[in-house]
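Contents: one structure, followed by commentary.
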Amino acid sequence: MGSGSAPSRARSWITPALVLAASLSPAPGACRASQGTAADVVVRADQPGGEISPILNGVFFEDINFAADGGLYPERIKNGSFEFDDPMMGWHRPALVAGGAVGGFGVAGDRPLHPNNPHFLRARLEQAGEGLPLTNEGYRGIGVTKGAKFTFSVRARSAPAGAMALGVQLVGPDGTPIAAARRLEGFTGDWKAYSCVVESAATEPKARLTIVALGKGTLDLDMVSLFPQETFNHRPNGLRPDLAQLLKDLRPGFVRFPGGCIVEGRDLSQRYQWKTTIGDRAERKLIMNRWNVEFDPPRNARDYYESMGLGFFEYFQLCEDIGAKPLPILNCGMACQFNLAELVPLEDLDPYIQDALDLIEFANGPATTIWGARRAAMGHPGPFGLTMIGIGNEQWGPQYFARFERFAKAIRAKHPEVLLVGGAGPGPSDGPGDDRFSTGWDAMRRLNADLVDEHFYRPPDWFYSQVNRYDNYDRKGPKVFAGEFASHVRNKRPGFEANTWEAALSEAAVMTGLERNGDLVRLASYAPLLAHVDAWQWNPNLIWFDNLRSMGTPSYYVQQVFGTHRGTTILPVKLGPAAERLFACASADAPSGQVVLKIVNARPEPRDVRIRLEGVASVEPTGELLTLASPDLNAVNTLDDPRRVALVAGAVTGLVPEFVRQVPGYSLTVLRIKAARKP
């Protein structure tokens, strides 16, 4: 990494040890005189440095771990379009049918609802009896709560017209009804939409839905859906409220979407194509999720597909609803280089580039344009305010650089206002025989990328070693996007057990370095974001959930601290010789007039910290205190105990320009102090 330019005055004050801390059990609120040796933390409030990116801390959404279907996107029916490779996956018919019905189910394709969804379910009954039942298992079950209302909807046609009806029954795991049975009828010979309301009479995380074909004749069904009426911000086709609220509570500056590796696809036929994710659900084209076959059992998921119910319109709408900037990532004509590494020849790249230009028009164009009109028809006449776009995910090598250059030339010619994000490969540094990182950075400088995306999944000790990573980066080149990072404990653990306090504390330490270099590091996001406890492929993750509950991990609360307690301007910090394993950053917050100091104590014992605010005339005697701590580095949050490690807010009193404060062992502490600068 280049280091030709001199560090700024703010950074020249920083020694290799820096801290941000918050504790689970606050120490007494009053500050006091030092007892024994205190670690010195000096904040030069009168020497502000560069501006901290106002959108520094964001989130990265990728559909891994059933984060979309079965997660943030709350559709309860799996494979309601019958487009899985096994078109009946997720559906079950009893071997013996009581009630005298004679007939069967099959998958047909004549005169489909839409070319993007060429298959549908056909029920043919020769004798009506009491009907033919078919049950959907949902996403590891169907989560319902007592009194919750759902809209059951389906596209249907029958032959002869009016001969058939459809029963709808929500049942428990043992088949016992847990809602009043509903009936749809009046089907014609043409595809039409039908719906009814289903209200659950019980709370059940593993419910199922049974549909019953009734009558004598043929009944065709497609786009079978059971969708909750309660969604985040009451949006039609909206999001699961508790998960979306957890995202909003982070106060993210941006959302990177939809991936990640799924953007690339294992091959280009399975790449993510934004144009097939918008419009009516019947127009959206399902694809196999890359994580369906990426891992060996039990981490593989043969039923993992992307229905695209959560598409680009919904992603943009989510950004708007939580106050974040959108950052879409597009395929650059390359499949995942860890799989087939399939390439689109450069001479055939134009349709991929046109997709990028059309996306900008979809997001920002007037309703009089082709793609702006599509956005307006979906209910959003105004622009979404797209300001940046990523070209490729974590590609590398000359083939990537050539494709990035073609994209950049075309986009800048028409939209010079849109920032372009390029990649530096899959790792944070070069290795033996591996120069992907340095050659990636060299290429992105040459091609004038606005931001370069760095990814690091490493153990806690690596994170501590990288606190000063960005202090001497070249300020004259592209800015940094720490687009995917998470601390992985060395002893691999299943599920959320990998989300330990040890991992989160090391992430807090490195984030002091990100914020301290907030003039260079403009965006940063943890990854992955969401994981279903019964359907995960990768860990650790920021948020875990089941069909009814959700919880933030210790890492979630670290991200929340940095996202909600970030000033506007860097302040220099100097740590004294007793500050070993102590990490800190400070900022001035213009709107509140406060100094925001974050301290990480990576040692087990509580420590006295002597804090001196230099260059201030006075401070208000009472300030804000946030603490996040645990004496147990192996502590994790669970769905049954979701706040074992969580933020505690309080007040700190007795503040003066120089004071002593004890920070807990293994802690992250935030102090917000109102201070007046000397004239």
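Being among the charged types (D, E, K, R) and outside any loop (DSSP other than H, G, I, E, B) is the filter; apply it to segment 281-290 and report the residue that is nearest to residue 328 (Cα to Cα).
Taking segment 281-290 first, the residues among the charged types (D, E, K, R) are 281, 283-285, 290.
Among the residues that remain, those that are also outside any loop (DSSP other than H, G, I, E, B) are: 281, 283, 290.
Working: 281: 21, 283: 21, 290: 18 Å.
Looking at the filtered set, the residue picked out is 290.
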### Task
Identify all residues within segment 409-429 that are closer than 19 Å to residue 477 by Cα and either in contact with a Pro (Cβ under 8 Å, 6 or more places away or on another chain) or of a type outside the set (Gly, Ala, Ser) (or both); write none if there are none.
409, 412, 416, 417, 418, 419, 420, 421, 422, 428
### Query
Within segment 70-78, can one find any residue that is over 25 Å from the mean Cα position of the chain (by Cα) and not in a loop (DSSP other than H, G, I, E, B)?
no
### Message
Just to be sure I understand the filter: pairs with C-beta atoms under 9 Å, separated by 6 or more residues or on different chains, first member in segment 425-450 and under 16 Å from residue 482 (Cα atoms), second member part of a loop (DSSP other than H, G, I, E, B) and of a type in the set (Phe, Trp, Tyr). Which pairs pass?
### Response
425/396; 426/338; 426/396; 437/396; 440/396
### Query
Can you pull out the residues in segment 241-280 that are assigned to a helix (DSSP H, G or I) and more than 19 Å from residue 394 (Cα to Cα)?
241, 242, 243, 244, 245, 246, 247, 248, 249, 275, 276, 277
### Task
Would you tally the residues in segment 299-329 being closer than 15 Å to residue 244 by Cβ and of a type in the set (S, T, N, Q)?
1
#### Entry: Conditions (1) in contact with a Ser or Thr (Cβ under 7 Å, 6 or more places away or on another chain); (2) surrounded by fewer than 20 Cβ atoms within 10 Å (Cβ to Cβ); (3) over 27 Å from residue 115 (Cα atoms); number of the one not met by residue 161
(3)
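Check whether at least one residue in segment 297-312 is more than 26 Å from residue 85 (Cβ to Cβ) and modelled with pLDDT of 95 or more, and report yes or no. Break it down stepwise before answering.
Taking segment 297-312 as the starting set, the residues that turn out to be more than 26 Å from residue 85 (Cβ to Cβ) are none.
No, the conditions are met nowhere in segment 297-312.
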### Task
Check segment 532-551 and report whether any residue there is more than 30 Å from residue 144 (Cβ to Cβ) and either surrounded by fewer than 24 Cβ atoms within 10 Å (Cβ to Cβ) or out of contact with any His (no Cβ under 7 Å at 6 or more places or on another chain) (or both).
no
#### Entry: Index of the failed condition, residue 610 passing every other in (1) outside any strand (DSSP E or B); (2) crowded, with 16+ Cβ neighbours inside 10 Å
(1)
### Task
Using the structure shown, decide if residue 588 is over 25 Å from residue 504 (Cβ atoms) and small (Gly, Ala, Ser).
yes
### Task
Among what's in segment 662-679 and is in a strand (DSSP E or B) and modelled with pLDDT under 95, pick the residue that is surrounded by the fewest Cβ atoms within 10 Å (Cβ to Cβ).
676
## Note on the structure
Inside segment 109-138, the number of residues satisfying the requirement of being among the small types (Gly, Ala, Ser) and not in a loop (DSSP other than H, G, I, E, B) is 2
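Let's see how each residue does on (1) part of a strand (DSSP E or B); (2) at pLDDT 95 or above; (3) closer than 18 Å to residue 53 by Cβ; (4) assigned by TED's automatic domain parsing to the domain that holds residue 659:
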site: 559; (1), (2), (3), (4): no, yes, yes, no
site: 577; (1), (2), (3), (4): no, no, no, yes
site: 585; (1), (2), (3), (4): yes, yes, yes, yes
site: 588; (1), (2), (3), (4): yes, yes, yes, yes
site: 597; (1), (2), (3), (4): yes, yes, no, yes
### Task
Filter segment 241-264 for residues that are over 20 Å from residue 329 (Cα atoms) and either among the polar types (S, T, N, Q) or in contact with a helix residue (DSSP H, G or I) (Cβ under 7 Å, 6 or more places away or on another chain) (or both) and give the result.
241, 244, 245, 248, 249, 250, 251
### Query
Does at least one position in segment 509-520 carry a residue that is touching a residue at least 12 places away in the same chain (Cβ under 8 Å), basic (Lys, Arg) and closer than 21 Å to residue 494 by Cα?
no
### Query
Considering 122, 183, which residue is outside the structural domain of residue 304 (by TED's automatic domain parsing), within 11 Å of residue 220 (Cβ to Cβ) and charged (D, E, K, R)?
122
### Query
Taking interchain pairs and intrachain pairs at least six residues apart, which have beta carbon atoms under 8 angstrom, with the first residue in segment 405-417 and buried (at least 17 other Cβ atoms within 10 Å of the Cβ) and the second among the polar types (S, T, N, Q) and in a loop (DSSP other than H, G, I, E, B)?
408/448
### Task
Only residues that are assigned to a loop (DSSP other than H, G, I, E, B) and either outside the structural domain of residue 403 (by TED's automatic domain parsing) or aromatic (Phe, Trp, Tyr) (or both): list them for segment 313-358, please.
338
### Unique residue being over 26 Å from residue 522 (Cα atoms), touching a residue at least 60 places away in the same chain (Cβ under 8 Å) and not charged (D, E, K, R) when the list is 323, 333, 372
333
### Meets criteria (buried (at least 20 other Cβ atoms within 10 Å of the Cβ), of a type in the set (A, V, I, L, M, F, W, C) and in the same structural domain as residue 196 (by TED's automatic domain parsing)) for residue 255
no
### Inter-residue pairs, beta-carbon under 6 Å, first more than 23 Å from residue 38 (Cβ to Cβ) and in segment 580-597, second assigned to a loop (DSSP other than H, G, I, E, B), 6+ apart
588/48; 588/567; 589/567; 589/568; 590/568
### Tally of residues being touching a residue at least 40 places away in the same chain (Cβ under 8 Å), under 17 Å from residue 165 (Cα atoms) and aliphatic (A, V, I, L, M) across segment 102-129
4
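Could you please let me know if residue 105 is over 35 Å from the mean Cα position of the chain (by Cα) and under 30 Å from residue 287 (Cβ atoms)? Show your work before the answer.
Values: over 35 Å from the mean Cα position of the chain (by Cα): yes; under 30 Å from residue 287 (Cβ atoms): yes.
Taking the combined requirement at face value, the residue satisfies it.
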### Query
Do the conditions hold for residue 385, that is, is it assigned by TED's automatic domain parsing to the domain that holds residue 257 and either among the aliphatic types (A, V, I, L, M) or under 25 Å from residue 478 (Cα atoms) (or both)?
yes
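The values are calculated or read from the model by the stated rules, or taken from the named source; none is laboratory data. Bear in mind that the values here come from a model prediction, so they are computed numbers and not experimental data. Virtual Cβ from ideal backbone geometry, glycine too; neighbours counted across all protein chains shown.
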